[in-house]
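Undergrad: What follows is a single structure, and I will ask about it in a moment.
The values are calculated or read from the model by the stated rules, or taken from the named source; none is laboratory data. None of the values given here were measured: they were computed from a predicted structure. Using ideal geometry, Cβ is built from the backbone for each residue, glycine included, and neighbour counts are taken over all protein chains shown.
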Amino acid sequence: MKRILLGLLALSLPTALAQTTPAQTPPAPSPVRLAATATVPQASLSLAAALRIAQLAVTNCAAQGYNVTATVVDRAGITLAVARAENAGPHTVDASFRKAYTSASARNTTAAIAENIRNNPASAELARIDRFLVLAGGAPIRVEGAVVGAIGVGGAPSGQIDEKCGTDAATAVLGR
């Protein structure tokens, strides 16, 4: 009798364990498809568009009474255009570049990155990446869903105002 009970226990144990195991981890994301060719075409913002966006961002903020600097970078974070109001502080040049660079690199607004750091302390290391500035005021510039560049604005009393001046300029120039 003892052997029968042990046998039944041995047969039922895997079933019992299977019913009490925690839920499986979610499936891994689909693999990224890498290019099979020697080169890859990528859209990037033109100098003409970047100049108009930077100038309009400064004009947008000036209309609200703020002296700012706007920097537009390409998709790789390389400066295409800088516009600075005559009375913008000297720190705004570097701040606007670093916001644009951060946004182009992360493909996200700097406000969203800052929020992510607030909500997820493990991501605080992002703020330590060289040339990153995790303050609101940077935004990616997208065309047909692809990031083609980014804008960073610095000098208004809040990053939300900086960001709005920049995103409104990009929308006006690119017609989105």
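Undergrad: Could you tell me whether the range 63-73 includes any residue that is crowded, with 19+ Cβ neighbours inside 10 Å, among the hydrophobic types (A, V, I, L, M, F, W, C), more than 13 Å from G166 (Cα to Cα) and at pLDDT 95 or above?
TA: The answer is no, given that none of the residues of the range 63-73 is crowded, with 19+ Cβ neighbours inside 10 Å, among the hydrophobic types (A, V, I, L, M, F, W, C), more than 13 Å from G166 (Cα to Cα) and at pLDDT 95 or above.
Undergrad: Condition check: assigned to a helix (DSSP H, G or I), in contact (Cβ under 8 Å) with a residue 60 or more places away in the chain, out of contact with any Phe, Trp or Tyr (no Cβ under 9 Å at 6 or more places or on another chain) and crowded, with 23+ Cβ neighbours inside 10 Å. Does G166 satisfy that?
TA: Judged against the criteria, G166 is a match.
Undergrad: Right, another one. Could you please give the count of residues in the range 106-144 that are of a type in the set (S, T, Y) and either crowded, with 16+ Cβ neighbours inside 10 Å or assigned to a loop (DSSP other than H, G, I, E, B) (or both)?
TA: 2
Undergrad: Follow-up. Inside the range 45-69, can you point out the residues that are more than 18 Å from V93 (Cβ to Cβ), without any contact (Cβ under 8 Å) to a residue 40 or more places away in the chain and under 22 Å from the mean Cα position of the chain (by Cα)?
TA: Across the range 45-69, the qualifying residues are S46, L47.
Undergrad: Considering only the range 123-151, state which residues are touching a Leu at 6+ places or on another chain (Cβ under 8 Å) and either of a type outside the set (A, V, I, L, M) or without any contact (Cβ under 8 Å) to a residue 60 or more places away in the chain (or both).
TA: Result: F132, V134, G149.
Residue-by-condition table, conditions (1) surrounded by fewer than 10 Cβ atoms within 10 Å (Cβ to Cβ); (2) modelled with pLDDT under 50; (3) outside any loop (DSSP other than H, G, I, E, B); (4) at positive phi:
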{"site": "G7", "(1), (2), (3), (4)": "no, yes, yes, no"}
{"site": "L11", "(1), (2), (3), (4)": "yes, yes, yes, no"}
{"site": "T15", "(1), (2), (3), (4)": "yes, yes, yes, no"}
{"site": "Q24", "(1), (2), (3), (4)": "yes, no, no, no"}
{"site": "P27", "(1), (2), (3), (4)": "yes, no, no, no"}
{"site": "A36", "(1), (2), (3), (4)": "yes, no, no, no"}
{"site": "T39", "(1), (2), (3), (4)": "yes, no, no, no"}
{"site": "L45", "(1), (2), (3), (4)": "no, no, no, no"}
{"site": "L56", "(1), (2), (3), (4)": "no, no, yes, no"}
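Undergrad: Hey, another quick one. Got a number for residues in the range 69-86 being assigned to a loop (DSSP other than H, G, I, E, B) and either of a type in the set (S, T, N, Q) or under 15 Å from V153 (Cα atoms) (or both)?
TA: Total satisfying the criteria: 3.
Undergrad: Let me ask something additional. When residues of the range 70-110 are filtered for being in contact (Cβ under 8 Å) with a residue 60 or more places away in the chain, within 16 Å of A136 (Cβ to Cβ) and among the basic types (K, R), how many remain?
TA: 1
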